[in-house]
Amino acid sequence: MGRRHLVGLVRAGFAVSAADPNPAAFETSCAELLKGGLPVHALTAVQGPTGYYDVAIFSETVTDRLNNFRSFLSLASAGKFLLEKPVAADPGEFEGFMTVAVSHKIESRTQVNFIRRTWPHIKSLAALCAEEVNFSVTLNGGAIGLGCMGIHYLDTFLALSTDEMPEVAWARLSSESVASGRGPQFEDFGGDFVLQGARGKLLASLEAGSSANVIMTVRGAHFMAQVEYGGKVWKLSRRKPDSTLPNFRYGADYEVIEEGKLELPTMDHVTGLWATDRLQLSKLANALETHRLLDRILRAGGAKPPYRFT
C-alpha cells in the first residue's frame with residue numbers, strides 16, 4: 001500500500017522522502033516508478049524525517065503506526081496527514097492518535113483512508129437511504145478479516161446511516177481465525193453479527209472458513225441494490241413511482257435504474273487527488289468511531305484485546 005501511495009505522489013508531481021526498514025523496498029519502488037514511466041529521482045530514502053512536508057502518509061503494519069506518527073511529529077511537521085486503516089489493532093491505542101493529534105494541533109488536518117465513502121455508488125446509496133424511514137444492509141461472504149477489510153464495510157454502513165452509531169445486537173465470531181498474508185504473527189476474525197441503528201440495520205455473515213466473495217445488498221422500502229465487489233458489478237432496482245400495486249406484489253413494477261461495472265479508482269490515483277486537495281477522506285474523529293464499532297463487535301463475539309490484525 002505504501003508503494004501505491006508513493007506512485008500516486010510522484011505522478012502528482014511530488015518529491016518523496018520515504019523511510020522503510022527494508023532496503024529492498026526501495027529497489028522495488030524504483031522498479032515500479034520506472035515501469036510507470038515516472039522519475040526515479042523523485043524518491044529519496046531517508047532514515048528519519050526532518051523539517052516541513054506538504055503531506056505525510058503513514059502506511060505500515062498497525063503495530064508501528066502510532067509510534068511512527070508520534071515520532072514523526074517530534075521531528076517534523078506537515079500540511080496534512082493520511083493514516084492507513086486500521087489505525088491500530090489495540091483499542092487502547094485508538095485514543096492515542098487523537099491525543100497526539102490534539103497536542104500538535106493537527107486533528108483537523110489528519111485523515112484516515114476510508115476511501116469507500118467517496119465511491120459514486122456508495123454516495124448514490126447514501127442519498128437513497130437518507131430518504132428512508134428504515135433500511136437494511138446485508139453482507140454475505142468469506143474470510144475478508146473484520147479488522148483488515150471488514151472495517152471498510154462497517155464504515156460504509158456508517159456512511160449510509162449518516163454516522164448514527166448502531167447497537168451491536170448480536171455477534172458470534174468464527175471458530176477459526178483468518179490467516180494473514182503478512183506473516184504468522186498476524187491473524188484476523190471472521191464472524192456473524194447484527195447491528196441495529198435508529199434507521200438502519202446490518203446483518204453480516206463473514207465466515208472465516210469460507211473463500212466466497214462478499215456480496216452486499218442495501219434495501220429500502222421500494223429499492224434494492226446488489227453489489228458484488230469481486231466482479232466489480234452492481235445493480236440498483238427501484239419501484240416505478242406511479243405504481244399502485246400493494247407490497248405483497250413484491251418485486252412487481254420494479255425497474256433497473258442503474259447497473260454495470262463499478263468504476264473504482266486505483267489507490268495511486270486516490271493518493272494524488274488527496275495530496276492535491278481534490279479529495280477529502282474521513283477525518284480522524286469520524287474514523288475512530290468506526291474503529292470503536294469494530295472493537296464492540298469483537299468484544300461482543302468473545303474476543304479480547306489486544307488483537308493481532310494488521
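For first residues located in the stretch 236-251 and free of Cβ contacts under 8 Å to residues at least 40 places away in the same chain, partners that are of a type in the set (A, V, I, L, M) and assigned to a loop (DSSP other than H, G, I, E, B) and lie 6+ apart or on another chain with Cβ distances below 9 Å form the pairs Arg239/Ala221; Arg239/Leu245; Arg239/Ala252; Ser243/Ala252; Leu245/Ala252; Asn247/Ala221.
Restricting to the stretch 261-279, name every residue that is touching a strand residue (DSSP E or B) at 6+ places or on another chain (Cβ under 7 Å), surrounded by 11 or more Cβ atoms within 10 Å (Cβ to Cβ) and either more than 22 Å from Gly230 (Cα to Cα) or not aliphatic (A, V, I, L, M) (or both).
From the stretch 261-279, those touching a strand residue (DSSP E or B) at 6+ places or on another chain (Cβ under 7 Å) are 261-262, 274-275; that's our starting set.
Keeping just the survivors that are surrounded by 11 or more Cβ atoms within 10 Å (Cβ to Cβ) gives 262, 274-275.
Answer for the stretch 261-279, where residues must be touching a strand residue (DSSP E or B) at 6+ places or on another chain (Cβ under 7 Å), surrounded by 11 or more Cβ atoms within 10 Å (Cβ to Cβ) and either more than 22 Å from Gly230 (Cα to Cα) or not aliphatic (A, V, I, L, M) (or both): Trp274, Ala275.
Scanning the stretch 144-197 for residues that are aliphatic (A, V, I, L, M), touching a strand residue (DSSP E or B) at 6+ places or on another chain (Cβ under 7 Å), buried (at least 22 other Cβ atoms within 10 Å of the Cβ) and not in a loop (DSSP other than H, G, I, E, B) yields Leu146, Leu160, Val178, Leu195. Whether a residue is charged (D, E, K, R), under 21 Å from Ala89 (Cα atoms) and surrounded by 16 or more Cβ atoms within 10 Å (Cβ to Cβ) was assessed, and Glu32 does not pass this test.
Considering only the stretch 189-199, I want to know if a residue exists there that is farther than 19 Å from His291 by Cα and in contact (Cβ under 8 Å) with a residue 40 or more places away in the chain. For the stretch 189-199, residues farther than 19 Å from His291 by Cα and in contact (Cβ under 8 Å) with a residue 40 or more places away in the chain: present.
Kindly evaluate Thr61 against the criterion of being of a type in the set (S, T, N, Q), closer than 29 Å to Pro184 by Cα and within 22 Å of the chain's Cα centre (by Cα). Walk me through how you get there before you give the answer.
On the way: of a type in the set (S, T, N, Q): yes; closer than 29 Å to Pro184 by Cα: yes; within 22 Å of the chain's Cα centre (by Cα): yes.
Judged against the criteria, Thr61 is a match.
Inspection of the stretch 215-231 identifies at least one residue that is over 23 Å from Glu84 (Cα atoms), surrounded by fewer than 13 Cβ atoms within 10 Å (Cβ to Cβ) and over 16 Å from the mean Cα position of the chain (by Cα). Checked against the criterion of being on the phi < 0 side of the Ramachandran plot, modelled with pLDDT of 95 or more and acidic (Asp, Glu), the stretch 276-288 has no qualifying residue.
Within the stretch 35-69, take every residue that is in contact (Cβ under 8 Å) with a residue 24 or more places away in the chain and among the small types (Gly, Ala, Ser) and give me the one that is surrounded by the most Cβ atoms within 10 Å (Cβ to Cβ). Top of the filtered list is Ala56. Considering the stretch 243-273, the residues that are among the hydroxyl-bearing types (Ser, Thr, Tyr) and within 28 Å of the chain's Cα centre (by Cα) include one that is farthest from Gly8 (Cα to Cα), namely Thr266. Only a single criterion out of (1) assigned to a strand (DSSP E or B); (2) at positive phi is not satisfied by Ser17, namely (2).
The values are calculated or read from the model by the stated rules, or taken from the named source; none is laboratory data. Note that the coordinates shown come from a computational prediction; the quantities given were computed from them, not determined experimentally. Cβ atoms come from the backbone with ideal geometry, glycine included; neighbour counts cover every protein chain shown.
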